[in-house]
Amino acid sequence: MRTTARPLAALSLTVAATLALGACGEGDTTAEAAAGTETVSFTWDRNTAAEDQDPVLEETTVDVPKDPQKIVVFDMASLDTIGALGGEVAGAPLESVPDYLEGYLADDAFNAGTLFEADLVEVESQQPDLIVIGGRSSALYEDLSEIAPTVDLSLRGSYTENLERNATFLGEVLGAEDEAAAAIAEIEAGIEEARAATADAGTGLGVMVSGGELSALAPAGDGSDARGARGGLIYDAFGVQPVVDDIAAATHGEPVSFEFLLETDPDYLWVVDRDAATGEGTQSAEAVLDNDIVKQTKAARDGHIVYLDPTAWYIVFGGIDTTKIMIDDVLQIAA
């Protein structure tokens, strides 16, 4: 991947909006972190509503210590970025850590629970300096913030905006500001290279395969819906031209049939095998798509069915190393 640096004007705006040294924090653990220690502040809109209620957003600012000695992470994208910037993670939901990120764990890393449920007793006994949550683990904030300064690095805005914001913040925390800026510049260049490849590739359709069923992925729009941003990444970040103007409307919802693939007939199919990512199911995406209807599509006839790394695109979905994997996936069509 090219490593040519690009201007980071957009990044500077993000940093200004989200980081401030020495800002006032929230809660006892934040105040303790700030006492006698240089800190970095992170601000986000936290949903304080119950799970079955409409979101109620509350601006939340947390001060975290610079150069924390013990970091616990419940968000795989953040584990990725922390490790890529030279940090080490002391605790995480170990069963959820992908093989390619295991090297970013301490040799004696402890199991902090799952992505959905923390082992609060174990986490507290380890006395971490910083806890990072995001996505699936966002609901753990209240409990974990009583143990140590806790920040939620969930997807907000576009994928690239989120990556820049979180990498910049974590670079500031780890004292790796230069490394973070260089990594962001490399990723920006890689995404531009991938977009150049897709610009000449005609139309495309992102498809997720799970349990033998297909779901069409639609562009994310304004990026306010994290699930939409996850599905729409192939279009929104990598510039693939959707095969129809409004995929969501065309499918009457996400699930689609094999006939829909033939009816829309994109030049490329971009495929995420959810079962391969989660370890569920009995059929691979390749097996599901190996049928007479799909074989009639332009994508199949031209050898343009692209299988994306399932762990990167479905489980981790973010982080420095993972984004490089995604870029390489898209660049398969330029090989």
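The values are calculated or read from the model by the stated rules, or taken from the named source; none is laboratory data. No experiment lies behind these values; they were computed from the predicted model shown. Protein only, heavy atoms only, side chains kept; ligands, DNA and RNA dropped before computing areas. Shrake-Rupley method; radii C 1.70, N 1.55, O 1.52, S 1.80 Å.
Excluding ligands, DNA and RNA, the accessible surface per residue across the stretch 280-335 is 45 Å² with a 1.4 Å probe.
Pairs of Cα atoms in the stretch 150-216 fall into 5 Å distance bins, from 0 up to the last occupied one, in shares of 3, 14, 15, 16, 16, 14, 11, 8, 3, 0 percent. Element breakdown for the stretch 131-213 at a 1.4 angstrom probe: carbon and sulfur atoms account for 45% of the accessible area. Under the criterion of Cα pairs below 8 Å and six or more residues apart, the relative contact order for the stretch 22-177 equals 24 percent.
Entry for the stretch 116-171 at q = 0.17 Å⁻¹: log10 I(q)/I(0) = -0.58, Debye formula applied to identical alpha-carbon scatterers, no solvent contribution.
Debye-formula intensities of the stretch 35-98, expressed as log10 I(q)/I(0) at q = 0.24, 0.27 Å⁻¹, are -1.06, -1.10 (one equal scatterer per alpha-carbon, no solvent). Rounded to the nearest whole angstrom, the semi-axes of the ellipsoid equivalent to the stretch 241-323, taken from the Cα gyration tensor as √(5λ), stand at 23, 16, 13, largest first. Only protein heavy atoms count here; on that basis, with a 1.4 Å probe, residue 274 has an accessible area of about 60 Å².
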